[in-house]
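The structure under discussion appears below in the form of structure tokens.
The values are calculated or read from the model by the stated rules, or taken from the named source; none is laboratory data. Everything numeric in this text was worked out from a predicted model, so none of it was measured. When we count neighbours, we look across all protein chains shown, and the Cβ atoms used for this are built from the backbone with ideal geometry, even at glycine. The accessibility values were calculated without ligands, DNA or RNA, using every heavy atom of the protein model including side chains. Shrake-Rupley method; radii C 1.70, N 1.55, O 1.52, S 1.80 Å.
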Amino acid sequence: MTRLSRLPHVAVIGLGGTIASSTLVPDDLITYGAPGFHVDELLEYLRPELLNVAELDGEQVLASGSSALGIADLVRVSHAVNDALTTADAVVVTSGSDALEEIAYWLDLTVPADRPVIVTGSMRPFAVRDPERPAPPTRLVHGTDGPANLLAAIRVAASGVTAGQGVVVVFGDLLHAARDVVKRHSTLPDPFESPVSGPIGYVFGGSVVLHRHVLRPPGDPAKPLVDLADRVAGDEPPRVEILISYPGGGGEAVEAYVNAGVRGLVIAGMGFGSISNGLAAAAGRAAQEGLPVVCVSRTGAGSTVAKRGWEILAGDLAPTKARLLLILALLVEQSSARLADTMVRLAMPAAPGKRDAT
Ligand code: ASP
């Protein structure tokens, strides 16, 4: 018999982080952690609310804080999302909030944009759990935002509203584009913002309101911008480090990184790309010897210009995101001559017929 209608199939991938963490007492917002909750336990808790929203599949891909993830882990997460998208209508990833913006942006570049991929997390742990007697979560942490954020993320995913927008972060009922969102407070409940561009929409009860569309780099939305199909998670990824520039800053770290085998550097320059004399001299020497050196702004918003001729630009990307983009560009771009073009092409959203990374 033909099935005339069905609920959207949403795959939920758990990576760990606060959203899956437990405490011994419901008001401990600092020393929480293990034993963590499996993503299926989080879904089970929300099952009554989700019964008519989506068919859900949980998969625990990682179980660690986001700051502990390496590039090989991110490759693994990309594969997990791409695999899930072969059968699911949408994917939700639950992650730690500290590096959530990086995980979201990495996925934005490495998974297709034609179906919703949502990343969420929480600032407060989920529930009380006694390591000696683990039982289903019955006592929630006071004011926990985990269940509400996960519920909102699944509703957005199931709605299909963000199909074509790339990876979207849902946190505190706001929707943010992955390339723009940053965590702007270390502890407050709603720490995510998209400087200058603002959020792209919000969740209101069971509805999703989208204010605007996300401009993306040119490419077929059904394919990832960067295809990691042949990358094995265990392969050694190129190492790229970030240096921040400030008045009087020296350049010794550049040499140390080059000696350590670093394949590229990102400089978080002052303003629209100013770099202290000491760091500029050392970075310029390394660039002339073939090391890709990207210069973005440490201000948190706005682009840079090539003031010295050797810098690669990455538009208005945050330094942490420019680093991920450089790692991906190094993974897929064999020609160092084309690296700068690849960075510019992928860094900036493109209005039809127009692109400018400076
Ligand atoms: N340490 C946590 C992390 O995994 C913090 C969080 O999830 O909010 O990023």
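The table for this structure:
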read-out: Residue that is away from the ligand (no atom under 15 Å from the Cβ), of a type in the set (A, V, I, L, M, F, W, C), outside any helix (DSSP H, G or I) and modelled with pLDDT of 95 or more, where the choices are VAL119, VAL92, VAL81; value: VAL92
read-out: Filtered residue count, the range 199-214, keeping only those that are open to solvent by less than 20 Å² (accessible area, probe 1.4 Å) and either touching a residue at least 40 places away in the same chain (Cβ under 8 Å) or not in a loop (DSSP other than H, G, I, E, B) (or both); value: 2
read-out: Any hit, the range 317-330, residues being at pLDDT 90 or above and in a loop (DSSP other than H, G, I, E, B); value: yes
read-out: Scan of the range 40-57 for residues that are within 19 Å of PRO116 (Cα to Cα) and either open to solvent by less than 30 Å² (accessible area, probe 1.4 Å) or in a helix (DSSP H, G or I) (or both), ordered by number; value: LEU43, LEU50, ALA54
read-out: Set VAL196, VAL226: member being part of a loop (DSSP other than H, G, I, E, B), open to solvent by 10 Å² or more (accessible area, probe 1.4 Å) and β-branched (Val, Ile, Thr); value: VAL196
read-out: Criterion: in contact (Cβ under 8 Å) with a residue 40 or more places away in the chain, open to solvent by 10 Å² or more (accessible area, probe 1.4 Å), touching a strand residue (DSSP E or B) at 6+ places or on another chain (Cβ under 9 Å) and within 17 Å of ALA34 (Cα to Cα) - qualifying residue of ARG115, ARG129; value: ARG129
read-out: Candidate set from the range 80-112 (those that are touching a residue at least 40 places away in the same chain (Cβ under 8 Å) and of a type in the set (Ser, Thr, Tyr)); member that is surrounded by the most Cβ atoms within 10 Å (Cβ to Cβ); value: SER95
read-out: Scan of the range 56-78 for residues that are in contact with a Lys or Arg (Cβ under 8 Å, 6 or more places away or on another chain) and within 12 Å of the ligand (Cβ to nearest atom), ordered by number; value: LEU62
read-out: Residues satisfying the stated conditions in the range 213-271, i.e. under 30 Å from LEU85 (Cβ atoms) and among the aliphatic types (A, V, I, L, M); value: VAL214, LEU215, ALA222, LEU225, VAL226, LEU228, ALA229, VAL232, ALA233, VAL240, VAL266
read-out: Residue list for the range 113-162, restricted to those being among the small types (Gly, Ala, Ser), more than 19 Å from the chain's Cα centre (by Cα) and closer than 23 Å to THR87 by Cβ; value: ALA158, SER159, GLY160
read-out: Residues of the range 1-25 classified as surrounded by 15 or more Cβ atoms within 10 Å (Cβ to Cβ) and either within 16 Å of the ligand (Cβ to nearest atom) or at pLDDT below 90 (or both), total; value: 11
read-out: Flag if MET348 is closer than 17 Å to GLY273 by Cβ and modelled with pLDDT under 90; value: yes
